[in-house]
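Colleague: Below: one structure in structure tokens.
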Amino acid sequence: MSGFNPEVTKLRKNDTFFNKGKTMKRRAFIGGVATGMAGMLLPKLSLHAKAGNVYEIIAEHGTHYFGGTDQKPSDMMLYNAQSPGPMLIAKKSEMLEIRFKNKLSEPTTIHWHGIRNINEMDGVPELTQAAVEPGEEFIYRFPVNDAGTFWYHAHNKAWYQVAKGLYGPLIVLDKGERLDTSNIVLVADDWRLDNSYQIDEDSFGSLHDWSHGGRLGNWLTINGKSQPEITIARTGTIRLRLINAANARVMQFALDGRGEMEVVAIDGAPCTPFRLKDITLGPAQRLDIIISADDATRLMEISGRQPIIAADFLPEKDNKVKQAFLPDKQAWYPRPDITHARQIDIDMQGGAMGNLTQAEFNGEKLSLRELAQKHNKLWALNGVVGSYAHMLADVKLNEIIVLNVYNDSQWPHAMHLHGQHFWVRTKEFNNAPFWILRDTYLMQPSEKAQLIFVADNPGMWLFHCHMLEHHAAGMGGVIAVS
Ligand code: C2O
Ligand code: CU
């Protein structure tokens, strides 16, 4: 048996937050998309091979075995009936096309986390598209200009839909690169299961979770399995692409035997490589690390009191020496000079034990108590309970932006910006501050950070906490670039 072991608090259900928005013009249905199971068994269709990479994704209610096939399967929401959803692989500089069909009984969208996307393909309901209603289809089509480790997930009622299984990995390969036993994707999640391996439904919407660290689970999976055996190259080096798909859990990984890992990419973007003994991964964050095959016996999750086995590595038979494919040694683009930058202050407040007493909600000032009890709202940015309509700033195209973000709360938050990565001077690795490019930054309580970017991607971009309950409870807003 494995898994996390937090105290699980059961509180009342409430899912009133999303889906109350304005109606937007719906995209026309796709005509003639392949129906039936073909796409599910073989997610990569060969249609339009020249135009790039075409996938069919169906969101549907389904089941997944957490406890082995002798146990009762869990009720899930899945992409193509799998957990995680199918691995989407695209080549850098090509188009990626996803023919998406919603067979769920509720509206949904897909967000392509970390992709510097075209705004109308970003998958944010009410903001960049109308939610895809049950039975509807939507074609996501966009270029992928950066190679790296990304992921995709539902963005409507994400705190519920992602926790029910709607996410998957998205890998953009560099020229000459392929995924093999020295280039491996590891998607980590923590689920809250009850004794019969069912997703704990009663705890969804728990005010306690929403005001504290978010929905924490008690069951760790890597690529959908508990303690899977991952086949790796027997000799040489291996690149592990770790993705944290959890709603709220900050994970920490180390190799058994404490072998070193070399970080080569952060949130998809390559970096100047550096070494670590263990890595911290906030919700939605990714790290690509290089390890030596000799050090690869197992991966441990070490954030709790008891280290947990995350995965075992199994050397393949073939003993040819393999070398991991390495990305560039520097980020996609340099850090801009901020002398004349536009400064935007963002104060994050709220949650348990915080100093938020009242905040604006739908144009009204309400006490935190009222916000919590009547509306399940607990967090604010700049004194306003966030929603898809909460404007944080309106900036000009190509303006250099500094977000001065202040975490004035007692909780860490994984702050994510859509549409572009930002530079941040981080102390998270080895405690020595240095600049990195990333799309989700884990801010500690009381931390102040500057998130720097050139607003060269037009559109309405969400900035929010990726602890999905925090976002649902108000920690989010929009930066408009035009
Ligand atoms: Cu990965 Cu707005 O989200
Ligand atoms: Cu948060």
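Colleague: ASP288 versus (1) crowded, with 16+ Cβ neighbours inside 10 Å; (2) charged (D, E, K, R); (3) outside any strand (DSSP E or B): which is the lone unmet condition?
Modeller: So ASP288 meets the others, but not (3).
Colleague: Okay, next question. Tell me whether the range 358-369 contains one or more residues that are in a loop (DSSP other than H, G, I, E, B) and open to solvent by less than 100 Å² (accessible area, probe 1.4 Å).
Modeller: yes
Colleague: Here's another thing I want to ask about it. If we only count strands (runs of 3 or more DSSP E) wholly inside the range 400-466, which ones have 1 or more residues that are within 13 Å of ligand 1 (Cβ to nearest atom), open to solvent by less than 10 Å² (accessible area, probe 1.4 Å) and farther than 21 Å from GLY350 by Cα?
Modeller: Output list reads 434-438, 459-465.
Colleague: Residues that are in contact with a Phe, Trp or Tyr (Cβ under 6 Å, 6 or more places away or on another chain), among the small types (Gly, Ala, Ser) and open to solvent by 10 Å² or more (accessible area, probe 1.4 Å): does the range 59-73 have at least one?
Modeller: yes
Colleague: Look through the range 106-164, keep the residues that are open to solvent by 10 Å² or more (accessible area, probe 1.4 Å) and among the polar types (S, T, N, Q), and return whichever of them is farthest from ligand 1 (Cβ to nearest atom).
Modeller: Within the range 106-164, the match that is farthest from ligand 1 (Cβ to nearest atom) is ASN145.
Colleague: Given (1) farther than 27 Å from GLN161 by Cα; (2) touching a Leu at 6+ places or on another chain (Cβ under 7 Å); (3) among the aliphatic types (A, V, I, L, M); (4) buried (at least 20 other Cβ atoms within 10 Å of the Cβ), where does ILE238 come up short, assuming only one miss?
Modeller: (2)
Colleague: Name the residue, out of GLY165, GLY114, GLY123, that is free of Cβ contacts under 8 Å to residues at least 60 places away in the same chain, under 14 Å from the mean Cα position of the chain (by Cα) and within 30 Å of ASN218 (Cβ to Cβ).
Modeller: The unique qualifying residue is GLY123.
Colleague: Something else: Contact list please: Cβ distance under 7 Å, first residue in the range 260-285 and closer than 11 Å to ARG438 by Cα, second residue surrounded by fewer than 24 Cβ atoms within 10 Å (Cβ to Cβ) and of a type in the set (Lys, Arg), pairs at least six apart or on different chains.
Modeller: If the second residue must be surrounded by fewer than 24 Cβ atoms within 10 Å (Cβ to Cβ) and of a type in the set (Lys, Arg), the pairs left are PRO270/LYS329.
The values are calculated or read from the model by the stated rules, or taken from the named source; none is laboratory data. Given the structure is predicted, the values throughout are model-derived calculations rather than measurements. We place every Cβ from the backbone using ideal geometry, glycine too, and count neighbours over all the protein chains shown. Heads up: the accessible areas ignore ligands, DNA and RNA and are worked out on the full protein's heavy atoms, side chains in. Shrake-Rupley method; radii C 1.70, N 1.55, O 1.52, S 1.80 Å.
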